[in-house]
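As structure tokens, the structure follows; a few thoughts come after it.
Every number here is computed from the coordinates shown, using simple stated rules; none is lab data. Please read all numbers here as calculations on a predicted model, not as lab measurements. All Cβ positions, glycine included, derive from the backbone under ideal geometry; neighbour counts span all protein chains shown.
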Amino acid sequence: MNGQDLINILADQFEIREWNTYGLPRDNVSTENGILVMHAGRWPLMIDPQEQANRWIRQMEAKDALNIVKLTDGNLMRILERSIRLGLPVLLEEVGEFLDPTLRPVLLKQTFTQGGRLLIRLGDSDVDYDDKFRLYLTTKLSNPHYLPEICIQVTIVNFTVTPSGLEDQLLSDVVRLERPDLEKQRSELIMRINNDKNQLENIEDKILRMLFASEGNILDNEELIDTLNESKETAAIIEDRLIEAEATEENISIAREKYRVVATRGSVLYFVVAELGNIDPMYQYSLKYFSQVFNMVIETTEKSPDLEVRLSTLIQVITLSMYTNVSRGLFERHKLVFSFMVCANILKQSGDIKEAQWNFLLRGPITTKQSLLKKPDVPALSDATWLAVCYLNNNFKSFQGLAGDAVDKILVSIGDFEQLMFAISQYVRIKLGQAFIESPPISLHSLYQDMSIMTPLVFVLSTGSDPFGGFQRFALEMGFKERVQSISLGQGQGPVAEKMIKLGANRGDWVFLQNCHLAVSWMLPMERLIQTMAETPDKIHLDFRLFLSSMPSRSFPVSVLQNSVKVTNEPPLGLRANIRRAFTELEEDFFEDHPLSGDWRRMVFGICFFHGVIQERKKFGPLGWNITYEFNDSDRECALNTMKMFCTGHDIPWDALEYITGEITYGGRVTDYWDLRCLKTILKCFFAPHTLKSGYMYSTSQSYYCPEAPGLQSLDQYREFIDQLPLIEGPDIFGMHENANIAFQYKETQAVIGTIVEVQPRESGGTEGRSTDDIVFDLADDILRKLPELIDPENTLPPLLRLDSKGRLPSLSTVVLQEADRYNKLLVIIHASLDNLQKAIRGFVVMSEALEEVFKACLNNQVPKMWSSVSYPSLKSLGSWIQDLLLRLDFIETWLQHGPPVSYWLSGFFFPQGFLTGTLQTHARKYDLPIDELIFDFKMGTVVLEQNLIRAKHLELQGEAPELYSGLDAPPDGVLVHGLFLDAARWDFAGGKLADPNPGEMNPPLPVMMFMPKRITDQPELDRYICPLYKTSIRAGVLSTTGHSTNFVVSVLLPTDKQQSYWILKGSALLTQITD
């Protein structure tokens, strides 16, 4: 019916008003939920991640002696039985996805009458059932999966806040605080309308009663006639009042709507804050906490008579205040992520950022149909950049014609992924202001202002951080030094901590519980204790404060995190800060009093510098270390103590010290051979006999060295010298090229974009006019069309299968057949998963968890885990991965059908180690040698081959194209190999040797190279760098069941005119494929 809705039919405004006073949010969604809770036939099970329903029920039923229980409570059945007998309400909170079967009779209201008594079966006994009994169930799970047998027992009511619902709630808060007169007028209006309706109902009841009791002619009943006339007059008066009330309500609504922009901003901010919990388990913020900050800002912000000025001020201050409150609890690496998400969501809501633009930024070009123009011959313009440029050119009007323009520095910068961090910072600064790209100043004094007896302070720790010293100084300043109780939690410390908290709450002490992550089993009792204290604040001393510290942990109670003040505690970053921290911990006697005098101080300084360098080297990712190692301060202390133990006189046993420090103290942590080689090389730069020579410099820039002035002997003087070191270290102190900074920026950008992608909701992947389902369906269609069903081994060229005189299949024929088999297994899984995914999108089959993962990966332009688990290692995005797979399939298929190529594309092998072993085996069979006595020697060529051009020619000729290999001949022994790339180096074609890369040139190609088997007895020349070859730029791998690494392939000898250490420090290596 027109003008009718659920709210008007099933509830009156007076009842709803009462619910609102008890804490039910004022938006329509919450009101409809409230009606379902109060009037539905089955007991309500409320999905309540923000605990709005929980607070409403607690306050509304408090007057009727509400019992609050959990399924885990031991006395649950006793409380339930008592409540059913006496007709008391029960709130069963924090239920999971399964309910106790003993609750079934209560949930289904399976009452029966026996001897005139209304009973219900509860467990083993029959209990008297009072009709006033009410049961409420709530769960904190945001997306529970309830089985049908549970759904039919309860009324599931979703109280999860929605953007529009939260906007309405915040609008009510804004108007209540800004225009209390409007809210008062609205309340009076509802009361008046309600009274009028009650009066009309009473008259109608009286008329019905009189009509029922009337005898004879009703026209003779004067009282009835008078009542009817009175009813008619009253109805007319009330109708006039209703018309007046509607006009008044409309005016109130118009006045309220002026404040909606503030509520909209608040809603946008909350949903960004809510997504942070997906980044780190410690980033939990409740809606209650958010609303408190929101309302406090409105109350404390300076008023203005001009409404537009006032609204603008509120929006700015609310946004900044929320950023400040939240970002102080975020790690440094996530602060820019948060500010960018805030900025982007504000602009998406206003329409300044379109969904398609946002999608391109996060996921890149999600397509495999890209029609690429010929890439300009610009070395710094990568394939990934050109793909992005062509996608922009084809899909966005504002970029049309871009690909056809002259390629200059501006065009190159479009795809400079590593520059995105700088661009994001600038974008946020321009759109929101400088404050949003800076870390807000944090002091314990300001944090203390936000604490209370019910609001603890949580220090979120990171490796190497310890806030306890700063806390003790703050306690001294506040006069609480003698009233501080602290304990470091661990096994068996829970009861001690509980007693400490209870005692502190009575006496008004400050209690500090350190390292909560080490007491996982005690977290639940701690949560209950803090909740109990929050419910009885009148019993707690006003001076009591609770401080907690914990590493990020999923076991830390969410309710405590949501209702606490959080602050991250991180050690300062950078080489100078690292060395400064080391020298802060040194004692004067240890540093100054030693027989070796100046040499001793140089050695201590060298160890501290070495420790700082290997720790800070982590920021360069795989260029620094293949595997990230957690070197800590105890390693440095152990090295210094070892040095003190061995250096008792004037002699320095360098061999022993270098071995123990490099192989045991630090090397004991290192599990990768190439990392250990690097570690020992770095140690030589800072801790070796030559480092004690006068004028020795740690870096080529001469910015880093050990001070050696005659009067420089005290620890304080060294600390002053350290304070003068550069604040931001350059790559040269690590022995790296300037391009290492680009690698660092690329890693940082990847982390930011990857983090934002992970927290995006599924529906955010669409573009204008197309749903996410349409995008993924079309993408699957395109992939299925491009990829062959299988590589058919039946089409193998007969000579490849010809057996030798001993009845053996050629080794490389075995290799290619095994490769074809591996690719076929991958193709089967790709085709099956995409086919099922399309059926699931259409609704023909159930969208399983595995298919959901494939869907999400396709939407995010990532390779699905279902594929990568049976695939070769790759870091490429989905579009690039499909193009790469097509090249690989062409390489194997052409080899099978037309014979071996002149040069083998090493990158195209699923298992390149198998190909290299096959090459050695071919040589061993030819010359009747043991294969374990053979290794490879290497000879460099001058030609660079591109596999995409080779495939294009294969498609054109429908076969092998010998002219592409002009100038190359297959060697009688060994093989020619192409498709390799250099990392942190380049090939000097003129000089035929390794050289430093050009600025901005990250992965230049290596020319065709000959792999020549030879006897191990022949020693390699000394003027060649032993260069590791990896499959991907991540470098780290694990040992597989075949005994081979999943990433490392082989070490290659490359001609050079520099020392081995020069390239080792740079992290120079070869890759079979680059990331794009």
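Which of rounded, prolate or oblate describes segment 901-1076 when judged by the alpha-carbon gyration tensor and an a/c cut-off of 1.5? Since a/c stays below 1.5, the shape of segment 901-1076 is classed as rounded.
A cut-off of 5 Å between modelled amide H atoms, ignoring neighbours fewer than 5 places along the same chain, links Thr138 with Met46, Leu92, Glu93, Glu94, Val95. In percent, rounded to a whole number, the relative contact order of the chain is 8, using alpha-carbon pairs under 8 Å and six or more apart. Mind giving me the FRET efficiency for Ser714 and Lys644? R0 is 22 Å, r the Cβ-Cβ distance, nearest 0.05 is fine. After rounding to 0.05, the efficiency reads 0.75.
Using a Förster distance of 45 angstrom, determine the FRET efficiency expected from the C-beta separation of Glu438 and Gln400, and round it to 0.05.
Numbers: r = 38 Å, r/R0 = 0.83.
The value I calculate is 0.75.
The DSSP beta bridges internal to segment 61-163 are antiparallel in roughly 50% of cases. Under a 5 Å amide H cut-off, with hydrogens placed 1.01 Å from N, Ser486 pairs with Phe512 among residues at least 5 apart or on other chains. Write down the percent of antiparallel bridges among all DSSP beta bridges whose residues are both part of the chain, to the nearest 5. For the chain, the DSSP antiparallel bridge percentage is about 50.
With charges only on Cβ, +1 for K and R and -1 for D and E, what is the dipole size of segment 491-543 about its Cα centre, in debye, rounded to 20?
On the way: 5 positive and 6 negative charges, 30 e Å.
Computed charge dipole of segment 491-543: roughly 140 debye.
When each of Thr138, Thr313 is scored by the number of other beta-carbon atoms lying within 10 Å, the sequence from fewest to most is Thr313, Thr138. Charging the Cβ of each Asp and Glu at -1 and of each Lys and Arg at +1, and nothing else, the dipole of the chain about its Cα centre rounds to 2160 debye. Projecting label points 7 angstrom from Cα along Cα→Cβ for Leu307 and Asp226 puts them 5.0 nm apart. Between Glu249 and Glu663, the simple spin-label model (points 7 angstrom out along Cα→Cβ) gives 8.7 nm.
Extension gain for the segment Leu177 to Arg770, taken as residue separation times 0.36 nm less the Cα-Cα distance, is 209.3 nm to one decimal.
Give me the extension gain from His898 to Ser446: residue separation times 0.36 nm, minus the current Cα-Cα distance, reported in nm with one decimal. Walk me through the numbers before you get to the answer.
On the way: separation 452, 0.36 × 452 = 162.72 nm, distance 7.50 nm.
Residue separation times 0.36 nm, minus the Cα-Cα distance, leaves 155.2 nm.
Sorted fewest first by neighbouring Cβ atoms within 10 angstrom, Thr536, Thr301 come out as Thr536, Thr301. Across segment 181-257, the convex hull enclosing all Cα atoms gives 74 Å³ per residue. Computed from the C-beta positions of Glu149 and Gln292 and an R0 of 51 Å, the FRET efficiency is 0.80 to the nearest 0.05. From the Cα gyration tensor of segment 575-736, with a ≥ b ≥ c the square roots of its eigenvalues, which class applies: rounded if a/c is under 1.5, or else prolate if a/b is larger than b/c, or else oblate? The shape class here is oblate. In whole angstrom, note down how far apart the Cα centers of segment 107-126 and segment 235-303 are. Value for the Cα centre distance between the two parts: 46 Å. Taking every alpha-carbon pair under 8 Å whose residues sit at least 6 apart, segment 6-160 reaches a relative contact order of 33 percent. With θ taken as phi - 60° and the Karplus curve 6.51 cos²θ - 1.76 cosθ + 1.60 applied, the whole-hertz 3J(HN,Hα) list for segment 750-758 is 4, 5, 5, 5, x, 5, 5, 4, 4 Hz, x standing for glycine and proline.
Shown for Tyr22, Tyr666: other C-beta atoms within 10 Å of each C-beta, ranked fewest to most, produce the order Tyr22, Tyr666. Helical runs (DSSP H, four residues minimum) scored at -39500 (n - 2.57) apiece and divided by the length of the chain put the mean residue ellipticity at 222 nm at -15000 deg cm²/dmol.
Computed from Cα atoms, the angle from the helix 633-646 axis to the main principal axis of the chain rounds to 40 degrees. Among Lys680/Lys1031; Lys856/Lys1031; Lys132/Lys197; Lys839/Lys876; Lys786/Lys839, which pairs are too far apart, with a Cα-Cα distance over 21 Å? In this structure, Lys680/Lys1031; Lys856/Lys1031; Lys132/Lys197; Lys839/Lys876 exceed 21 Å between Cα atoms. Relative to the dominant Cα principal axis of the chain, helix 878-898 is inclined by about 40°.
For Tyr705, the amide hydrogen comes within under 5 Å of the amide hydrogens of Tyr698, counting only partners 5 or more places away or on other chains and with H modelled in the peptide plane.
Given axes a ≥ b ≥ c from the Cα gyration tensor, I'd like to know whether segment 444-569 is rounded (a/c under 1.5), prolate (a/b larger than b/c) or oblate. It is rounded, given that a/c, with a ≥ b ≥ c, falls under 1.5. Inter-part distance, segment 431-453 to segment 932-974, computed on C-alpha centroids, equals 61 Å. Looking at the chain, the pairs of alpha carbons with a distance over 60 Å make up 27% of the total. Rounded to the nearest 10 degrees, the angle from helix 947-957 to the longest Cα principal axis of the chain is 90 degrees.
Our coupling estimate for segment 319-330, obtained by passing each phi through the Karplus curve with A = 6.51, B = -1.76, C = 1.60 and θ = phi - 60°, is 4, 5, 5, 5, 4, 5, 5, 7, 5, 5, x, 9 Hz, Gly and Pro reported as x.
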